[in-house]
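Each remark here refers to the structure printed beneath this line.
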Amino acid sequence: MSRRLPIDQAQERLQHELSRGQQPLAELDSNEVWLRFIRFGSQRFDTADTPDADGLLFQYGTHAFEGPPAFTLDLARQFETNDASGEHDHYIQLHCELRYEPVPQLRALGHFESWFFHDTDDELNRWADGLGRQEFWPIVRNFHPQEIRVYQEQV
């Protein structure tokens, strides 16, 4: 088995995937960000040996967390972190947020979320392909994100 990357390199690896090629991050569209996020999602990190220690989250909705409302497409990776005795301590979430003006077509999509976890019976490509066929994509693709933001938080 190949050596897994340390979790503290995850943000750097995501940034690397998003910056591949000559196109600046701000110029990427939702489809390209999604494909690059899935490529990042296929990279394995040194996590606990539990079924929910390494997960990917796809979610969208209109929120006003920081300032005025925005339609947000949030691609996140969540890692479980354990304490010295092997017990759950916290999660680290690494987000790639695409923020859009909350136009009526995007607001009408409502809210949606879907999880994938490595080391379960599900397959990453099957999960990604299923999401790629969802009816919201043609609507979201009609708009360009106002901002693409990558950040990490502890939850």
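Scan the stretch 62-84 and give yes if some residue there is in contact (Cβ under 8 Å) with a residue 12 or more places away in the chain, within 16 Å of the chain's Cα centre (by Cα) and surrounded by fewer than 17 Cβ atoms within 10 Å (Cβ to Cβ), otherwise no. No: the stretch 62-84 contains no residue that is in contact (Cβ under 8 Å) with a residue 12 or more places away in the chain, within 16 Å of the chain's Cα centre (by Cα) and surrounded by fewer than 17 Cβ atoms within 10 Å (Cβ to Cβ). Looking across the stretch 5-38, the residues that are loosely packed, with under 13 Cβ neighbours inside 10 Å and charged (D, E, K, R) come down to D8, E12, R20, E27. Of all the residues in the stretch 67-100, those that are assigned to a loop (DSSP other than H, G, I, E, B) and out of contact with any Pro (no Cβ under 9 Å at 6 or more places or on another chain) number 6. Select from the stretch 100-122 the residues that are at pLDDT 95 or above and of a type in the set (D, E, K, R) and list them in ascending order. Those that are at pLDDT 95 or above and of a type in the set (D, E, K, R): E101, R107, E113. Out of the stretch 42-59, which residues are in contact with a Gly (Cβ under 8 Å, 6 or more places away or on another chain) and either over 23 Å from L73 (Cα atoms) or not in a strand (DSSP E or B) (or both)? Listed by number, the list holds a single entry, A48. A search for C-beta distances below 7 Å between a residue of the stretch 111-139 that is over 13 Å from L35 (Cα atoms) and assigned to a strand (DSSP E or B) and any residue that is polar (S, T, N, Q) and modelled with pLDDT of 95 or more, counting only pairs 6+ apart in sequence or on different chains, returns F112/Q59; E113/Q59. A Cβ distance below 8 Å, combined with a sequence gap of six or more or placement on separate chains, defines the contacts here; from the stretch 1-21, residues that are touching a residue at least 60 places away in the same chain (Cβ under 8 Å) reach residues that are surrounded by 10 or more Cβ atoms within 10 Å (Cβ to Cβ) and of a type outside the set (A, V, I, L, M, F, W, C) in the pairs I7/D46; I7/T47; I7/T81; A10/R77; A10/Q152; Q11/Q152; L14/R77; L18/R36. Exactly one residue out of F58, F143, F112, F117 is buried (at least 16 other Cβ atoms within 10 Å of the Cβ), in contact with a Phe, Trp or Tyr (Cβ under 7 Å, 6 or more places away or on another chain) and of a type in the set (F, W, Y), and it is F143.
The values are calculated or read from the model by the stated rules, or taken from the named source; none is laboratory data. A quick note: this is a predicted structure, and the numbers were derived from the prediction, not measured. Positions of Cβ are generated from backbone atoms using ideal geometry, with glycine treated the same way; all protein chains shown enter the neighbour counts.
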